[in-house]
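In what follows, a single structure is set out as structure tokens and then discussed.
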Amino acid sequence: MPSTTISDFTAADARDHGGPGLGIYVAFVPWALFTLVAQHSTLKWAAIAALVVATAIALPSLLKGRPKLLEVGAVLTFAGFTMVALNDPGASEWVTRYARAIAAAMLAVIAFGSLLIVPFTEQYARESVPREFWSSPQFKEINRRLTAMWALVFAVMVPTHVIAGAIDTHRANLIFNWAIPIVLIVWAAKRTAKVSAAAGREA
């Protein structure tokens, strides 16, 4: 159906399904958990906790033969953190200080890289959009825009976390590790909802 577009199904569906839906936020859980545990514990326990959760989240799509780039990327990232924490205590201290920056950089790499394969938001949007709409120009354009937006947000978070690690004070931690990233993520989430809603209004 080469002429099929998102607007060919109902406006209500388009409002809910033009973008990636809630599934994408579940995929962010290991990354958020890593940040929280790293703040209050050690790199080792933060990495192990994030790896366990990331594996649990990735397993269903892997078993179905439909792996998601963001989920597989999380497993690989936190497996790497775990190996460093367990095997190289010397490097672990440096990695701990800049762990959030490294994690944000990995998210940016995954997101930008997915634009060369399939936008990572599209993989989640497909869960609620009928297969016949997956190849529609509107569906693909929405998810290219959303993925690029998230990739830029992750990229901007990298220097904020680097600054926090370099200054290494309580105030810098609150501003650069928490306040700025939270504002960026909330903005991106609202933008995602707005773009998805706009697809519905066009239907």
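Bear in mind that the values in this text are calculations on the coordinates, not laboratory data. Since we're looking at a predicted model, the values are computed, not measured. We place every Cβ from the backbone using ideal geometry, glycine too, and count neighbours over all the protein chains shown.
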Based on Cβ point charges of +1 for Lys and Arg and -1 for Asp and Glu, what charge dipole magnitude is obtained for the stretch 73-203 about its Cα centre, in debye rounded to the nearest 20?
420
Pairs of Cα atoms under 8 Å, at least six residues apart: use those to get the relative contact order of the chain, whole percent.
34
Given Cα pairs under 8 Å that are at least 6 residues apart, what percent is the relative contact order of the stretch 90-160?
50
By counting other Cβ atoms within 10 Å of each Cβ, how are 106, 149 ranked from fewest to most?
149, 106
Which values of log₁₀ I(q)/I(0), to two decimal places, follow from the Debye formula for the chain at q = 0.12 Å⁻¹ with a uniform point scatterer at every Cα?
-0.63
Solution diffusion estimate, µm²/s, Stokes-Einstein, the stretch 14-79, Kirkwood Rh from C-alpha pairs, 10 °C, viscosity 1.306 mPa s
128
Could you put 194, 68 in order, starting from the residue whose Cβ has the fewest other Cβ atoms within 10 Å?
194, 68
What's the extension gain from residue 188 to residue 40 if we count 0.36 nm per residue and subtract their Cα-Cα distance?
50.6 nm
Relative contact order in percent for the stretch 104-198 (Cα pairs under 8 Å, 6+ apart) equals 31
Helical segments meeting 20 Å axial Cα length and Kyte-Doolittle 1.6 threshold in the chain (DSSP H)
43-63, 69-87, 99-114
